[in-house]
Amino acid sequence: MPRTKKKKSKGGQHGNVQPFSDEDASIETLSHCSSYSDCASVADEGGEASEDAAQEDFQYKLKGFIDSTVDKSAKTRQGALDGLKTAMATRILYEFISERRMTITDSIERCLKKGKGEEQRAAASLACLLCIQLGSGIESEEVFKTLKPIFKNILADGSANIQARQAVATGLGLCTLVAEDDILDVHATMECFENLFTRSYARMDGTCPLISPQTSQLHTNALLSWALLLTICTANQLKDVLRKHLPKLPRLLESDDVNMRIAAGETIALLFELARDMDAEFEFDDWDELCDKLNALATDCNKHRAKTDKRKQRSVFRDVLKAVEESDFQSETIRFGTERMTIDSWVRKRTYDAFREFVGSGMNYHLQANEFIRDVFELGPPMLVDSATMKAMKISRFERHLHNSAAFKARTKARSKFRDKRVDVGEF
């Protein structure tokens, strides 16, 4: 993407950094589309002038955040990192960030090395958002080359802050997906994750290792990142993984942590999908035993587990069981602006969930305007739609209410087929 020259910002030192407001985050992608109109009125010119002023003020705030990441106060650094995270999650800032990527990278590196807990967690998340903004290419590769050794050191250091290790386990996976240029290095990173989540495997006698909830979350994050990288592995690497890990992954289904059980189930479904893509006749030796375990989790009614955990677990494992038994996937449609995208496979689901974890509510915005994410999901170049067209396409509140009511009724009928009301009554 070509770079454009920026207007000089206001001189002098930045004062106290103000928190990033919702008003700043709400500036939409389509604000610039008025420049494509053939006939602009005086009122339009006034609107563009105010937008330019708002853009300058926004960039001034961002520069203040960047400067504050090296402040002596940990609280100030934390606020600056959070401000940059919010900005990158809700806006496309490629040109602004590209010009300052090494400065931001140095700040992230410093916070990861010298920060504690929440600061390291925020820095790891910011590294992912930086790579998402830059996309797949030389710029993000340079960023990741600087940060990867630090990520791996924190991940392997048992004495490091557990929250920092959890964030790094998630961040390293996504950064590798976006910015790693060597498939052998991808495999090496996957081995780092394997060294963590395999410690949660149930023993051969069926007993589970004693692991704290925080450590279990670390292992869960490592497993999900490992599953994310499975989606870009070569056929030969997948064959090795299937031979080495698929027979052992069902041991994670015995975990006391519901999040680990769910992550393990979704990873197993993903592996079966990838295996059948390579070989439609793929067979698993312990298929019957695995299906029995999945069916037990899909109908779990153990009294010692929380109702919310069981409800969430049963919903996921019904889909996992269908994936293993019938190669089926419960598709989901994501609507953003005038477009829609279908999540129709476990590969797409794992990729979508990974990006959404970092951009949060800004995911629909990035699906509309982020060229890299659109390329990942094969959506083509971003569509330019002016504000008048967007306004014309909006439905009235009453029409939206009728549509939501109809959708609710249909959803209730569909879900009632899977609910066992006798089990629900027995749980009170």
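Worth pointing out:
- Within region 131-190, all pairs of alpha-carbon atoms sorted by distance into 10 Å bins from zero give the percentages 23, 54, 21, 1.
- Hydrodynamic radius of region 146-254 per Kirkwood, over alpha carbon pairs, in Å: 14.4
- Restriction of the trypsin sites (Lys or Arg not before Pro) in region 226-291 to DSSP coil positions whose beta-carbon has at most 14 other beta-carbons within 10 angstrom yields Lys248.
- Altogether, the Stokes-Einstein calculation at 37 °C and 0.692 mPa s, with the Kirkwood radius of region 230-386 over Cα pairs as Rh, returns a diffusion coefficient of 191 µm²/s.
- Judged by the mean number of other Cβ atoms found within 10 Å, the most tightly packed of the peptides 62-71, 338-347, 220-229 leads the ranking 220-229, 62-71, 338-347.
- Euclidean distance between Cα centres, region 245-271 to region 355-385, Å: 30
- With the convex hull drawn around the C-alpha atoms of region 99-204, the volume per residue stands at 91 Å³.
Read-outs: derived from the displayed coordinates by stated rules, not from any lab. This is a predicted model, so every value here is computed, not measured. In this analysis, Cβ positions are derived from the backbone assuming ideal geometry, glycine residues included, and neighbour counts consider all displayed protein chains.
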